[in-house]
Structures are given as structure tokens and as C-alpha cells.
Amino acid sequence: MSRPLIVIPARMGSSRLPGKALAPIAGRPMILHVLEKALAAAIGPVAVATDSDEIARVVSAAGGRVALTRGDHACGSDRIGEALPTLDPEGAHDVIVNLQGDQPDIDPDALTAALTPLADPSVDIATLAAPAAAGERDDPNVVKLIGAEIAPRRMRALYFTRAPTPHGEGPDYHHIGVYAFRRAALARFVALPPSPLELRERLEQLRALEAGMRIDAMILDKAARGVDTSADLQRLRAAQDKDERSRR
């Protein structure tokens, strides 16, 4: 397996929090925090794929690599699919990591962990999850992974949902917005139309499951929650301010 290529899809037109990629956190746009975490992982080169000239200028000014795409993609992985021939025209990278642009709190080591399931040739896509925190089960902004444990800290994904499932007693798992695609799996994914369950749940990974692709997840101790709403953004800003005060 070659060194992976990390691509961060980012757009200005988020339905729940428009312009969030450039929302300031600790004095810097969110997209730069995500870019910094991706670079810190040191698993391969990093780029941003965006439909926004404004995001592209911010990333370029910070020394980041960027590819401009159309604005009509159904999901971030589709955006990456368009950008990939520009970012890697020679096909040097056979693993493409989609690190969603609303994950400024991701632990860089988590990106290394996300690659682990791809050692199994039957896995098409690898991702991450963690035990859900109190109150997250009923939060539709928290995506839940339903899976079968196949090894310690590893699950085979059966479904992803915003609903509070499965029924009954047992652990719930908070899905984390990272996907490590085999290059061939990404090519297959972007060639498919958005699937019915993908459109219903607004979860791109369901397109892969509906097409019979295998997704395995590594289970981390704790989820770094993404920024989906203004409340998420305020929570993250407060945490950053607290960390900054503790360092003084």
C-alpha cells in the first residue's frame, strides 16, 4: 500500500451552518485547523478540495494545496473524486483519505488508526467510531454506527443512521467523519448515483453499503465531535478558549 493522500472536502453552502469552513476558531478559519491536523498525522500529502474561491484563497495563503471543483456534488467523496485527477494524475496513491472539513478537533493519530482495516483486502473503505457520549443517542446530528464486532476495537459496519438505534440495551457508537478509500473503491463509489438511503438519511456512506461495499471501523476511546450546527461551533470555541487560558 502506498502512502495515502488525504483530501479535505470543503464547501461554503452547508445547509445547517453556511460558511462553516471559514468560521473562526481561536482566531483562524476552521478549515486551517483541519488542515493542520491532517498534516500533523504525517501519513501522506494533504490537499483541500473545494468549490469556493474564498476557501481556496485562505488555504493557499496558509501554504496549503487546493483543487477547485464544481459546486453541485452530492457529498464530499464525490468532490474528492473530481479533484483526484488534478491532485494525483499519475495514480501514485492507492489509498485516498476523506477527512471531512468539519473535523477541526480530530486527533492526528486517529487518521493513522483509520488505515488499519485496509490491511484486510476484503475491506473497501475504513472509517472510525467511538462509544457515544450521554445524550448523543437521540441527537440526529450525531451519526450512529451499527456494526458487528469482528476483532477487538474493530467492527464491520452494517448501517449508519441519525436515528436512536438499535433497540434495547447495549453500547451505541458515534461515527467519526473520516473515510479511507481504496482508490478503486472511490472510483466505484463516485460512479454510482446517490442511493435512496443516502438521500433519506443524508449520509454518503450508505451509498457504499447499498452497493454491497464493505466498510470496517476502528473504535477509538472518544469521538472528536464534528461541527454541524452553531451550537457545535460555540462548544468548540469555548473549549479552545479554555485550553488557551490553561496554557497561559
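The values are calculated or read from the model by the stated rules, or taken from the named source; none is laboratory data. What you are looking at is a predicted structure, and each value in this text was computed from that prediction instead of being measured. Please note: Cβ atoms are built from the backbone with ideal geometry, for glycine as well, and neighbour counts cover all protein chains shown. Remember, those area values only see protein heavy atoms, side chains included, never the ligands or the DNA or RNA. Shrake-Rupley method; radii C 1.70, N 1.55, O 1.52, S 1.80 Å.
Within region 104-122, the residues that satisfy the criterion of being crowded, with 21+ Cβ neighbours inside 10 Å and in a loop (DSSP other than H, G, I, E, B) are Pro104, Ile106.
In region 1-14, what count of residues is obtained for those that are among the hydroxyl-bearing types (Ser, Thr, Tyr) and under 17 Å from the mean Cα position of the chain (by Cα)? Give the derivation first.
Quick first cut of region 1-14, residues among the hydroxyl-bearing types (Ser, Thr, Tyr) only: 2, 14.
Among the residues that remain, those that are also under 17 Å from the mean Cα position of the chain (by Cα) are: 14.
Number satisfying all stated conditions: 1.
Can you say whether Glu210 is surrounded by 18 or more Cβ atoms within 10 Å (Cβ to Cβ) and of a type in the set (Asp, Glu), as far as the supplied structure shows? Let's see the steps before the verdict.
Values: surrounded by 18 or more Cβ atoms within 10 Å (Cβ to Cβ): no; of a type in the set (Asp, Glu): yes.
No: the conditions fail for Glu210.
Taken as a whole, region 152-165 holds at least one residue that is over 17 Å from the mean Cα position of the chain (by Cα) and free of Cβ contacts under 8 Å to residues at least 12 places away in the same chain. Only a single item in (1) farther than 20 Å from Leu111 by Cα; (2) without any contact (Cβ under 8 Å) to a residue 12 or more places away in the chain; (3) of a type outside the set (S, T, N, Q) is not met by Glu36, and it is number (1). Among the residues of region 73-103, those identified as part of a loop (DSSP other than H, G, I, E, B) and either touching a residue at least 12 places away in the same chain (Cβ under 8 Å) or open to solvent by less than 20 Å² (accessible area, probe 1.4 Å) (or both) are His73, Ala74, Cys75, Asp88, Gly91, Ala92, His93, Asp94, Gln100, Gly101, Asp102, Gln103. Against the conditions (1) surrounded by fewer than 18 Cβ atoms within 10 Å (Cβ to Cβ); (2) within 22 Å of Ala114 (Cα to Cα); (3) basic (Lys, Arg); (4) modelled with pLDDT of 95 or more, Arg182 satisfies every one except (1).
Residues that are surrounded by fewer than 16 Cβ atoms within 10 Å (Cβ to Cβ), under 18 Å from the mean Cα position of the chain (by Cα) and modelled with pLDDT under 95 within region 19-72 comprise just one, Gly19.
Restricting region 185-197 to residues that are touching a residue at least 40 places away in the same chain (Cβ under 8 Å) and open to solvent by less than 20 Å² (accessible area, probe 1.4 Å) leaves a set whose member that is nearest to Glu149 (Cα to Cα) is Ala185. For Pro24, the conditions (1) more than 21 Å from Leu68 (Cβ to Cβ); (2) in contact with a Leu (Cβ under 6 Å, 6 or more places away or on another chain); (3) not basic (Lys, Arg) all hold with the exception of (2). Evaluation of Glu136 against the conditions (1) open to solvent by 60 Å² or more (accessible area, probe 1.4 Å); (2) free of Cβ contacts under 8 Å to residues at least 40 places away in the same chain shows that the sole unmet condition is (1).
Within region 1-13, does at least one residue satisfy the condition of being among the polar types (S, T, N, Q), touching a residue at least 60 places away in the same chain (Cβ under 8 Å) and surrounded by fewer than 22 Cβ atoms within 10 Å (Cβ to Cβ)? Lay out the reasoning, then the answer.
Keep residues of region 1-13 that are among the polar types (S, T, N, Q), which gives 2.
After this cut, where a residue has to be touching a residue at least 60 places away in the same chain (Cβ under 8 Å) as well, the list is 2.
Within this subset, residues satisfying the condition of being surrounded by fewer than 22 Cβ atoms within 10 Å (Cβ to Cβ) are 2.
So far as region 1-13 goes, yes, one or more of its residues are among the polar types (S, T, N, Q), touching a residue at least 60 places away in the same chain (Cβ under 8 Å) and surrounded by fewer than 22 Cβ atoms within 10 Å (Cβ to Cβ).
Restricting region 191-248 to residues that are among the hydroxyl-bearing types (Ser, Thr, Tyr) and over 24 Å from Asp109 (Cα atoms), which is modelled with the highest pLDDT?
Here is the first cut: in region 191-248, the ones among the hydroxyl-bearing types (Ser, Thr, Tyr) are 195, 229-230, 246.
Checking the rest, the ones that are also over 24 Å from Asp109 (Cα atoms) come to 195, 229-230.
Values: Ser195: 98, Thr229: 77, Ser230: 80.
That would be Ser195.
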